[in-house]
Amino acid sequence: MQSQTQANLSAYHTFGIDQTCQHLVHVQSVQEIIDVYQHREWQTLPKLILGKGSNMLFTQPYQGVVLVNQLLGKTVTESTDAWHLHIQAGEDWPSLVAWSLEQGFSGLENLALIPGCAGSAPIQNIGAYGMEFKDVCEYVEFLDLTTFQTQRLTREQCLFGYRDSIFKHQLYQRVMITAVGIKLDKQWQPKAEYGPLKALPQHALTANMIFDQVCSVRREKLPDPERQGNAGSFFKNPVISEQQFQALKPRFPDIVGFSVEGGVKVAAGWLIDHCGLKGLKLGGAQIHPNQALVIVNVAKASANDVIQLAAKVRDTVWETYQIHLEHEVRFIGATEETYLDQLVERQA
Ligand code: FAD
Ligand code: EPU
């Protein structure tokens, strides 16, 4: 088991902000995870499981042990109607999507180029271009961090929702996901109703065409973390009541929203953009000039630059529309997860 003390986390999260942790350990097997949790000197220290760090903001130096997920391996079995992929949690998600198409297994193409590990995909039920992880999930396998037993949950038991699952609630901090089971139907059905996919020739679609289109739109719309640190959408798209949406319409006729269960899901990027915040800089952090939902590290941003800029967005959006934005990015404090509202009081 490889471990470092006082390690710099900048290469371990996509914001690329300098921040340290007390111990950094790469785990390559379930036994190594158990060893970390049973390590005599580390037993009382807080622990954080890290995939590729593409949904993380370290707000302070982390005073505990960071476990970097490196559980690797893929196996495929076949049934009459589907391919069944058993994927170890540390496998790289975008590589998995490309690999599965090369093997001739269609079904993951809409989720191309989403950074992160396969084992992180169920946590916020990753989604893009009309599809979510739940649509292909057969099961999620995890290690219970109290009993050190491995268990499986079916898709239904994972309680998936928009950027949500049981792993953010009942099982929060109690398990480490070790593998995911993905079922890809041999009778492939394209999903091409979402925005830029509609332009494709619907009668002659292939999975590779969807993959290429998703990759090209994502490359055009989203900043590449290799060049400009970021964690994708910083906030979730909020769901407001139909009544509130209709009340906003006369003032903001172009407001973008669509009906979902429980109300109207509004495009947070539109809200931020239309209160004039696009391109705003604070220290080394900036609201991306082309995609207002993304905060980028343009010039050695500190965590505080990002926090203050995010607070400015939250407050301006509230003042303008009376809509509260909730951050999708996970904020990690010195010993535990923290939240923007705890770090900076709401001004409005
Ligand atoms: P991390 O950021 O390392 O971890 C995320 C959370 O999961 C943390 O709380 C961590 O403690 C926990 N965790 C990680 N691994 C485990 C495990 N094995 N067991 C238990 N807990 C664990 N997301 C979307 O849904 N759709 C998108 O289109 C999308 N686009 C993005 C584009 C860019 C440029 C970027 C940077 C991010 C984007 N994201 C998107 C967000 C991100 O890709 C996903 O949230 C991804 O699933 C995070 O994976 P990760 O391995 O980096 O997780
Ligand atoms: N918009 C603006 N101005 C902006 C940004 C967006 O007006 O600066 C408008 C767009 O014109 C569009 C609407 O807002 O009408 C939605 O924009 P887009 O299609 O780019 O999607 P998004 O809501 O910004 C969501 C996900 C992304 C996912 C894409 C594609 C959330 C929080 N974000 O983004 O996921 O890739 O849809 O499906 O749900 C992520 O979670 O990190 C992420 C990148």
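The numbers here are math on the coordinates, done by the rules we state, and not lab data. Only a predicted model underlies this, so the values are computations on that prediction, with no experimental measurement involved. FYI the Cβ positions are ideal-geometry reconstructions off the backbone, even for glycines, and counts take in every protein chain you see.
Peptides 51-61, 178-188, 241-251: what's the order by average Cβ count within 10 Å, highest mean first?
In decreasing order of mean packing, 51-61, 178-188, 241-251 become 51-61, 178-188, 241-251.
Could you give me the ³J(HN,Hα) list for segment 116-124, computed from phi with Karplus coefficients 6.51, -1.76, 1.60 and θ = phi - 60°, whole Hz, x at Gly and Pro?
With the stated coefficients, segment 116-124 comes to x, 8, 4, x, 8, 4, x, 4, 9 Hz.
Which whole-angstrom value gives the distance between the alpha carbon centres of segment 213-228 and segment 162-180?
With segment 213-228 and segment 162-180 each reduced to a Cα centre, they are spaced 27 Å.
Per DSSP H run of n ≥ 4, the term is -39500 (n - 2.57); total these for the chain, divide by its residue number, and report the mean residue ellipticity at 222 nm rounded to 500 deg cm²/dmol.
-6000 deg cm²/dmol
Around Cys117, which amide H atoms from residues at least 5 apart in sequence, or from another chain, sit under 5 Å from its own amide H, with H modelled in the peptide plane?
Those qualifying (amide H under 5 Å, at least 5 residues apart or on another chain) are Lys52, Trp93.
Evaluate the relative contact order of the chain (contact order divided by residue number), counting alpha-carbon pairs under 8 angstrom at least 6 apart; express in whole percent.
Contact order relative to length: 16 percent.
Per residue of segment 138-150, in order, report the coupling 6.51 cos²θ - 1.76 cosθ + 1.60 (Karplus, θ = phi - 60°) as ³J(HN,Hα) in whole Hz, putting x for Gly and Pro.
Once θ is set to phi - 60°, the couplings for segment 138-150 become 9, 7, 10, 9, 9, 9, 6, 7, 9, 8, 6, 9, 8 Hz.
Would you mind checking which residues have amide H under 5 Å from Glu138's amide H? H placed 1.01 Å from N; only 5 or more apart, or other chain.
Gly181, Ile182, Lys183
Using the alpha-carbon centroid of each, what span in Å lies between segment 54-108 and segment 122-141?
The distance from the Cα centre of segment 54-108 to that of segment 122-141 comes to 12 Å.
Between segment 326-348 and segment 244-277, what is the C-alpha centre distance in whole Å?
Distance between centres, Cα-based: 24 Å.
Only counting other Cβ atoms within 10 Å, I'd like Leu96, Leu280 sorted with the fewest neighbours first.
Leu280, Leu96
Going highest first, how would you order 2-13, 165-176 by mean Cβ packing within 10 Å?
Result, highest mean Cβ count within 10 Å first: 165-176, 2-13.
Would you work out the relative contact order for segment 1-126, in percent, from Cα pairs under 8 angstrom that are 6 or more residues apart?
Across segment 1-126, relative contact order equals 21 percent.
Out of residues 5 or more away from Thr178 or on other chains, whose amide H comes under 5 Å of its own, with H placed 1.01 Å from N in the peptide plane?
Here Glu141, Phe142, Leu143 satisfy the definition.
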